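As structure tokens, the structure follows; a few thoughts come after it.
The values are calculated or read from the model by the stated rules, or taken from the named source; none is laboratory data. Here the structure is a predicted model, which is why all the values come from computation and not from measurement. So basically every Cβ, Gly included, is an ideal-geometry build from the backbone, and we count neighbours across all protein chains shown.
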Amino acid sequence: MRDKIVILTGAGISAESGLGTFRDVDGLWTKYDLNEVATPGGFARNPALVHDFYNARRANCRGAAPNPAHAALARLQRHWDGDVVIVTQNVDDLHERGGANDVIHMHGELGQGLCAACGHRWPAPDEMFPDDACPRCGVPATRPDIVWFGEIPYFMDEILLHLGGAGVFAAIGTSGEVYPAAGFVELAARAGAHTVELNLEPSSVVSAFAETRFGKASETVPAWVGALLDE
Ligand code: NAD
Ligand code: APR
């Protein structure tokens, strides 16, 4: 049985599929005020604006296709003689549409609605609106199932367990600007994992990685997977 491989992905892996990143030159946070569309306070102040923001991202996602980086990670899951765990900060479903299994969405999913009153989750419709009633409790307290700034990411206990047992940790297309995800490399390295960063450019936590592979994810990820499988 080969080492467990834990992979963290960020917006950069979906960039070549046409989905925007957050902090690049034309990133989402250069066009929108994240305090208005990605915080609980913003949602309380103007739920219609927040639903519009995620309705637009949901439409973009429907029009996007997985790229060779998503396909390469699915290939690694199929052919690696060991566990391959994908933890994503992304809320799109391109990993799944690219063939990956059991993806851990630590920041939630565009494709799900959440009831703030009863906690019910259901497949989100194409568009959500402030007065949508929860399918289970009927209260009009529905929100996108997205983890906003100030909220705790999902599945952290499971993620920390995976990091503690990783033989290889890779971060793909993430700026290393947001915690706790940006701290995963330190935890994996402390557990003895070989760490590799795959990005267009050095992230804020590049110094914590043993290996770096710079370039576009659609090129660097297939090359990295090929090297792992041909070893
Ligand atoms: P944050 O992610 O910027 O900060 C998280 C915490 O890490 C804060 O307590 C901060 O003080 C700490 N931190 C920041 N830099 C650090 C460093 N260099 N060393 C150690 N600690 C550091 O903001 P947040 O409000 O905590 O966000 C919580 C979660 O919500 C994050 O995981 C974030 O990615 C997520 N989120 C999701 C979306 C979305 O649209 N899906 C949008 C925003 C935030
Ligand atoms: N190939 C590889 N990396 C790329 C590509 C590409 N084609 N295009 C962009 N990148 C890299 C950028 O260099 C940058 O390091 O992707 C990263 C994108 O960083 P961010 O925009 O900060 O996105 P991310 O790291 O996913 O943000 C983390 O912050 O706002 C919150 O919850 C939100 O999940 C998001 C979190």
Any chance residue 164 is more than 14 Å from ligand 1 (Cβ to nearest atom), surrounded by fewer than 17 Cβ atoms within 10 Å (Cβ to Cβ) and closer than 30 Å to residue 197 by Cα: yes
Scope segment 138-197; condition within 16 Å of ligand 2 (Cβ to nearest atom), part of a strand (DSSP E or B) and touching a residue at least 60 places away in the same chain (Cβ under 8 Å); matching residues: 143, 144, 146, 169, 170, 171, 172
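Could you say whether any residue in segment 21-35 is more than 13 Å from ligand 2 (Cβ to nearest atom), among the charged types (D, E, K, R) and either modelled with pLDDT of 95 or more or touching a Phe, Trp or Tyr at 6+ places or on another chain (Cβ under 9 Å) (or both)?
Taking segment 21-35 first, the residues more than 13 Å from ligand 2 (Cβ to nearest atom) are none.
No: segment 21-35 contains no residue that is more than 13 Å from ligand 2 (Cβ to nearest atom), among the charged types (D, E, K, R) and either modelled with pLDDT of 95 or more or touching a Phe, Trp or Tyr at 6+ places or on another chain (Cβ under 9 Å) (or both).
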So residue 85, is it crowded, with 19+ Cβ neighbours inside 10 Å, under 15 Å from residue 158 (Cα atoms) and more than 16 Å from ligand 1 (Cβ to nearest atom): yes
Filter result (part of a helix (DSSP H, G or I) and within 16 Å of the chain's Cα centre (by Cα)) within segment 73-85: 73, 74
Flag for residue 176 being surrounded by 16 or more Cβ atoms within 10 Å (Cβ to Cβ) and within 20 Å of residue 72 (Cβ to Cβ): no
Within segment 33-57, tally of residues that are within 17 Å of residue 89 (Cβ to Cβ) and either more than 10 Å from ligand 1 (Cβ to nearest atom) or surrounded by fewer than 16 Cβ atoms within 10 Å (Cβ to Cβ) (or both): 1
